[in-house]
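Visitor: The structure under discussion is supplied below as structure tokens; questions concerning it will follow.
The values are calculated or read from the model by the stated rules, or taken from the named source; none is laboratory data. None of the values given here were measured: they were computed from a predicted structure. With ideal geometry, Cβ positions are generated from the backbone for all residues, glycine too; neighbour counts draw on all protein chains shown. Areas reflect the complete protein model, heavy atoms only, side chains present, ligands, DNA and RNA absent. Shrake-Rupley method; radii C 1.70, N 1.55, O 1.52, S 1.80 Å.
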Amino acid sequence: MTENQMRRQWAAAQPVTFCGTVGLYAEAAAGSTKRDSAVLFLSPWGLEEMCTRKLWRDLAERLAMSGIASLRFDYPGTGDALDRADFADGLAVWERAVLGAAEELRRLSGAARLILIGHGIGATLAASFAPRLTAVDAAVLMAPVVSGRSYLRELAAWSKMVDEGLGLRKDQRIADHVAVAGLVMPDEIAAQIKKLNIEALPTPPAGRVLMLERPAHDKEVALSKHLATLGAKVTRLPYLGYDDLVSNPTLAKQPLTVIGQVVAWVSEAATQSKGKKAHLQASEVPGAARLEGPDFVELPCASVPTIASMVFSASREVKGEVPPSSALEVAMTARPAGHA
């Protein structure tokens, strides 16, 4: 079966809900050789997250054609997840969502093993949370945040540049929180990110690691070398096209060379998976995933994919009101949501 034929047969990713958030599950394509490893994507934050949405979709589609299922999702309080008022537990709130996402991915795919792909602060979370996920065979760290303190300084500079580009006056800018273009990071999350430093991780996130290093980022080079000293088999590649990807969500240019390299490396890692003969029983994707707020219910749904993209929407139903009576009515009342 040719790649084009597999693309035509590949079904659109299906929305799923867990831990008060929403994700998109992409199953292995029909006709592909299904692997026992599935990929969990850990996203960056803010504008960088918006820039990488299409990157995640491109990777998920190509991995599906290689027989690898995947799940991408929003951290609590971000993207299409429910708004959350209580972040007293700090990063533990996001960690619980990551653990929940891993459990959901294993349940849906039947895969016994995981491969993590993280970008920016998501790569840092992948490196930090991997020991608690168990059975992680490989990890792809794309431009990881090595120092949380330096990362927050970079966000502050990025925020100022964006505000100036939008022509905002000083009194219109968000100065008392970590924020970029109106996207505000919870204070408790920011406080714990500030303390993160993965330069001296005690254990590698997996036995095999692919590092995508940005030019002139010595800390990423040092991290690669440190992971190798811990016993990980580290593959180092330059992150070609990084700046063109993350500079502007509306103009983000996909790093096609890097996409091909990541898919090839992950496919090889899945082939070498130690648990490839221990495939679990996969579960069906629920037909009615839903997010419940205090006075509303959202029903994430995926429209029929077009040549350009697959639209992800959520139909919001106010509790107590009569819900839409047909799929057509749901589609007509759906609000556009974050994932493409």
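Visitor: Accessible area per residue, 1.4 Å probe, Å², for the stretch 149-191: what's the number?
Guide: 64 Å²
Visitor: A further question follows. By how many nm would the segment from VAL184 to LYS253 grow when fully extended, if each residue of separation counts as 0.36 nm and the alpha-carbon distance is taken off? Present the calculation step by step, with values, prior to reporting the outcome.
Guide: Details: separation 69, 0.36 × 69 = 24.84 nm, distance 2.49 nm.
Gain in length upon complete extension: 22.3 nm.
Visitor: Hey, how much of the P(r) for the stretch 182-237 falls beyond 16 Å, as a percent of Cα pairs?
Guide: More than 16 Å apart: 52 percent of the Cα pairs in the stretch 182-237.
Visitor: Ratio to report: Rg/Rh of the stretch 101-177, with Cα atoms as the point set and Rh obtained by the Kirkwood method; give two decimals.
Guide: Here the Rg-to-Rh quotient is 1.19.
Visitor: Here's a follow-up. For the stretch 51-128, what are the per-bin percents of Cα-Cα distances with bins 5 Å wide, up to the bin holding the maximum?
Guide: Final binned percentages: 3, 12, 22, 26, 21, 10, 4, 1, 0.
Visitor: Would you rank CYS51, CYS19 by solvent-accessible area, highest first, keeping every protein chain in place and using a 1.4 Å probe?
Guide: Greatest to least solvent exposure: CYS19, CYS51.
Visitor: Past 31 Å, Cα to Cα, is the threshold; run LYS195/LYS233; LYS160/LYS233; LYS170/LYS225; LYS194/LYS225; LYS54/LYS170 against it and keep the listed order.
Guide: Distance filter (> 31 Å) returns LYS160/LYS233; LYS170/LYS225; LYS54/LYS170.
Visitor: Just to verify a number: what accessible area does THR257 come out at with the full protein assembly present, 1.4 Å probe, Å² rounded to tens?
Guide: Roll a 1.4 Å probe over it and THR257 shows about 80 Å².
Visitor: Stretch ASN197-ASP243 to full length: gain in nm at 0.36 nm per residue minus the Cα-Cα span?
Guide: 14.2 nm
Visitor: Here is a follow-up. Dividing the alpha-carbon radius of gyration of the stretch 1-137 by 2.2 N^0.38 Å (N being the number of residues), what value is obtained?
Guide: My calculation over the Cα atoms of the stretch 1-137 gives 1.03.
Visitor: Taking loop as defined by DSSP and a crowding limit of 16 other beta carbons within 10 Å, which trypsin sites (Lys or Arg not before Pro) in the stretch 98-188 fit?
Guide: ARG169, ARG173
Visitor: Over the stretch 3-106, average the accessible area per residue using a 1.4 Å probe and give it in Å², no decimals.
Guide: 34 Å²
Visitor: Dividing the convex hull volume of the alpha carbon atoms of the stretch 68-199 by its residue count, what do you get in Å³ per residue?
Guide: It comes to 126 Å³ per residue, whole-number rounded.
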